[in-house]
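See below for the structure under consideration.
The values are calculated or read from the model by the stated rules, or taken from the named source; none is laboratory data. Predicted model only: the values in this text are computed from it and were never measured. With ideal geometry, Cβ positions are generated from the backbone for all residues, glycine too; neighbour counts draw on all protein chains shown. For accessibility, only protein heavy atoms count, side chains too; no ligands or nucleic acids. Shrake-Rupley method; radii C 1.70, N 1.55, O 1.52, S 1.80 Å.
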Amino acid sequence: MRYSTALIAALAATASATTAPLPKMYTLEIAPGETIEVTEEEKFKMIDEGRHFFDITEFKDVHAAASRLFAAAPFPSTIQQNCAVKELHKKINLDRIKEQLTEYSSFHNRYFNSRYGVQAAEWLFARVNEVIEESGNPLATARLVRHTAWSQPSVIVSLPGIIRGHTVVTGCHLDSVISNDRGAGRAPGADDNGSGSMMNLEVLRAVLSDPRIADGDHRNTLEWHWYAAEESGLLGSQDIFSQYAALNMQVMAMLNQDMVGFKGRDGIERFGLVTDFTDPAQNEYLKLLIGNYTDIPYEESLCGYACSDHASANRNGYPSSFIFETPFGNHNPRIHTPNDTIEFVDFDHVFQHAKLTTAFMYELAHATFA
């Protein structure tokens with residue numbers, strides 16, 4: 001039997017249509033234990049709408065925090081390292097933060113699957129290694145964490161303590177995103193989250209300069225984290241904390257710094273202390289640090305489920321907190337646009353976050369956890 005050319009073409013088109021691959025589906029956790037399946041386009045639309053979620057497509061085996069056995073240890077009830085912390089505050093250099101943020105925000109974007117995003121992470125890794133080398137600390141190490149499902153790596157610095165099993169973490173995300181133009185559009189991300197990333201880098205420099213830290217005379221291991229792909233569903237921090245949980249690592253405390261460079265639309269300067277999906281005991285400890293080590297107050301705030309990287313620690317059973325630049329709703333209106341640039345970053349406000357973060361890391365470096 002012979003077939004016409006037109007019929008053969010029609011049959012081929014039908015076969016092609018029926019065998020075309022279905023779009024990849026992503027599993028998003030939008031509330032504890034509540035998941036939805038979406039396409040990539042639907043996922044990015046949710047991001048553009050400001051909706052928070054975990055993208056658990058690669059992390060479906062991670063159990064809810066309630067099933068974990070990592071119990072939060074009591075936090076200190078008093079300030080114990082006042083003189084040393086205030087000496088470290090004198091070493092925080094705002095001009096250096098500004099210089100480095102200028103360069104960091106000059107990358108076209110830091111999107112997690114763009115070459116710019118990879119280059120920015122590698123640039124940060126190089127700066128981190130410079131800080132460690134300049135400190136001369138033989139114990140501090142940095143590693144570039146390669147993830148299997150996306151291009152951009154995360155960065156981790158580890159400084160082992162005498163009690164190697166107890167770890168204190170300060171973290172921030174290193175990527176940036178622009179709404180409706182992923183991967184190609186200009187996304188300087190100076191405040192979101194270049195401000196937190198460069199502030200954490202300066203805190204690392206300050207803490208490593210301390211004589212006791214240089215001698216290894218601190219009880220707990222300290223880690224500085226810079227997470228890839230936060231803007232796409234907390235991917236980098238999920239990967240890291242799910243691995244830590246699988247290895248039964250004891251993270252005693254985690255402080256997230258996501259945006260630290262804007263005083264607020266109302267002009268009233270204060271920290272936003274996020275109280276939902278965070279650890280209440282650690283939040284009370286942060287209030288103690290704020291009162292003793294910073295020059296501004298705090299205001300309690302809510303940010304919703306999976307709003308930033310502290311949520312990945314929380315979901316894996318680790319105590320975590322989130323100090324935001326201001327209460328939610330009062331924050332920088334330019335984020336996720338090409339206008340999130342350095343001229344709108346308030347470095348005096350960055351300094352307040354640096355003072356708090358330095359106190360958090362140094363006080364807990366020497367704290368005795370039960």
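Can you compute the modelled spin-label distance between Arg212 and Ile79, with each label point 7 Å from Cα toward Cβ, in nm?
About 1.5 nm, to one decimal.
Amide H to amide H under 5 Å from Gly183: which residues, 5+ apart in sequence or cross-chain, H placed 1.01 Å off N in plane?
Residues meeting the amide H criterion: Ile178.
Provide the per-residue ³J(HN,Hα) series for the stretch 162-174, in order, calculated from phi with Karplus coefficients 6.51, -1.76, 1.60 and θ = phi - 60°, each as a whole number of Hz, with x at glycine and proline positions.
Running phi through 6.51 cos²θ - 1.76 cosθ + 1.60 with θ = phi - 60° gives 5, 8, 5, x, 9, 10, 10, 10, 10, x, 7, 9, 9 Hz.
Once you have the Cα-Cα distance between Leu94 and Ala184, take 0.36 nm times their residue separation minus that, and quote the gain in nm to one decimal.
29.3 nm
Going toward the positive end of the dipole of the stretch 182-338, with +1 on Lys and Arg Cβ and -1 on Asp and Glu Cβ, which of Gln282, Thr326, Val207 do you reach last?
Value: Thr326.
Based on Cβ point charges of +1 for Lys and Arg and -1 for Asp and Glu, what charge dipole magnitude is obtained for the chain about its Cα centre, in debye rounded to the nearest 20?
That gives a dipole near 680 debye.
Using just the helices of the chain, give the 222 nm mean residue ellipticity in deg cm²/dmol: DSSP H runs with n ≥ 4 each add -39,500 (n - 2.57), and the total is spread over all residues, rounded to 500.
Result for the chain: -11000 deg cm²/dmol, rounded to the nearest 500.
In whole percent, how big is the carbon plus sulfur part of the accessible area of the chain, probe 1.4 Å, protein atoms only?
It is 52 percent, rounded to a whole number.
So what J values fall out for the stretch 179-186 if you push phi through Karplus, 6.51 cos²θ - 1.76 cosθ + 1.60 with θ = phi - 60°, rounded to Hz, Gly and Pro as x?
4, 6, 8, 5, x, 10, x, 6
Using a/c under 1.5 as the rounded threshold, could you call the stretch 88-135 rounded, prolate or oblate? The axes a ≥ b ≥ c are square roots of the C-alpha gyration tensor eigenvalues, and prolate needs a/b larger than b/c, oblate otherwise.
Note, shape of the stretch 88-135 comes out oblate.
Give the accessible surface of the chain per residue, rounded to a whole number of Å², with probe radius 1.4 Å and ligands, DNA and RNA excluded.
On a per-residue basis, the chain sits at 41 Å².
In nm, give the distance between the simple-model label positions of Gln119 and Lys24, each being 7 Å from the Cα along the Cα-to-Cβ direction.
It is 2.4 nm.
Looking at the chain, which Cys residues are left with no other cysteine's beta carbon under 4.7 Å from theirs?
Cys83, Cys172, each lacking another Cys Cβ under 4.7 Å.
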